[in-house]
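The values are calculated or read from the model by the stated rules, or taken from the named source; none is laboratory data. Worth saying up front: this structure is predicted, and the values here are computed from it rather than measured. With ideal geometry, Cβ positions are generated from the backbone for all residues, glycine too; neighbour counts draw on all protein chains shown. In case anyone asks, the SASA skips ligands and DNA or RNA and just uses the protein heavy atoms, side chains included. Shrake-Rupley method; radii C 1.70, N 1.55, O 1.52, S 1.80 Å.
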Amino acid sequence: MTYKKDDILIFLTNKPMAHACEIVGEPIDKNEIKKEEFYGFVKSVISHKDGIYLMHTIKPMPGFICVAETADIIRKVEPGEMPENERERPLCEWTEAPNIFIPAQNEAYEKLTDEERCYALAKEALNAHCPEMKIASMDLKNNWFTKSGKIADMDYWNEEIENITDFAKKEEMLKLKKEITDYMQTKRFKEYFTVTVGTPFDDKDMLVIYFPDLKDKLDPAEAAGTSFFHVAVSKEFDEVCILHNSTDRRNFFRSLGPEFDEMEQAFNYFRNKVLNIEN
């Protein structure tokens, strides 16, 4: 059975208890912590095909975000089984994807390449969200919010590793690179293509609407030219998020869930280790 965003499920997880043990400083092996039943909302569908969902728990430990696979899910909670006040999805703005657009089913899109489909959905979302915006350019990226892209970014440091003169340290970095790459392969989060959108700007009113964090910082004359922002299109093609500014981007990062954050931390750890050796 497949589920959709905002469905309430009963599922098994050990993540909240593992997190509680970490907070109090208990040494733990997460694999030894027994999974328990939790109620939660489907925060996002990570993969329809593989049956992987990002969950927002309701009880017995509310507000925890974790991943559940089909094998962990006991059943969907039907209307009437829970009080209405418990069925209201708790929202936390800083962990919610911003400016979400849910595209309608369009069979014509299924005949397009992934690149063509990303552009079509980005245009559709922008037309619905800010129809007056003029688009000067679109450029597809796939390395920011996809697992394969982040893993490919590890190869950026190959030249720096080759330049390490200490043989033992070079071997250490090559081993660490493999370990972290293998670790990143295990992470589960909703993946997105990224479309960089360029828009011509010569109007202060438009500047304030679409880039509120720049309000009062730029003279209208300085805004003339092309400004850029990002549109994230899910690899499932079921959701589009418009990231106008830095606040939108930060909230979007957090909305991807804890395993995206763990992957980012691992990447940053590796990068800093290489830089420390270089310096």
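Okay, here's what the table says:
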| read-out | value |
| --- | --- |
| The stretch 2-26 residues that are open to solvent by less than 70 Å² (accessible area, probe 1.4 Å), paired with ones that are at pLDDT 90 or above and not in a strand (DSSP E or B) (beta carbon under 7 Å, 6 or more apart) | I8/V77; L9/Y3; L9/V77; I10/V77; F11/D72; L12/D72; T13/D72 |
| Matching option when the condition is of a type in the set (G, A, S) and exposed (fewer than 13 other Cβ atoms within 10 Å of the Cβ), among A168, A120, A125 | A168 |
| Members of the stretch 249-261 found to be of a type in the set (D, E) and either part of a strand (DSSP E or B) or open to solvent by 20 Å² or more (accessible area, probe 1.4 Å) (or both), listed by number | D261 |
| Members of the stretch 129-150 found to be open to solvent by 60 Å² or more (accessible area, probe 1.4 Å), part of a helix (DSSP H, G or I) and either more than 20 Å from S227 (Cα to Cα) or in contact with a Gly (Cβ under 9 Å, 6 or more places away or on another chain) (or both), listed by number | S148 |
| Scan of the stretch 225-248 for residues that are of a type in the set (S, T, Y) and either assigned to a helix (DSSP H, G or I) or surrounded by 17 or more Cβ atoms within 10 Å (Cβ to Cβ) (or both), ordered by number | S227, S234, S246, T247 |
| Index of the failed condition, I102 passing every other in (1) open to solvent by 70 Å² or more (accessible area, probe 1.4 Å); (2) closer than 26 Å to E262 by Cβ; (3) within 17 Å of the chain's Cα centre (by Cα) | (2) |
| Answer from I52, I74 - the residue that is more than 22 Å from S246 (Cα to Cα), out of contact with any helix residue (DSSP H, G or I) (no Cβ under 7 Å at 6 or more places or on another chain) and loosely packed, with under 15 Cβ neighbours inside 10 Å | I74 |
| Any chance W94 is of a type outside the set (A, V, I, L, M) and in a helix (DSSP H, G or I) | yes |
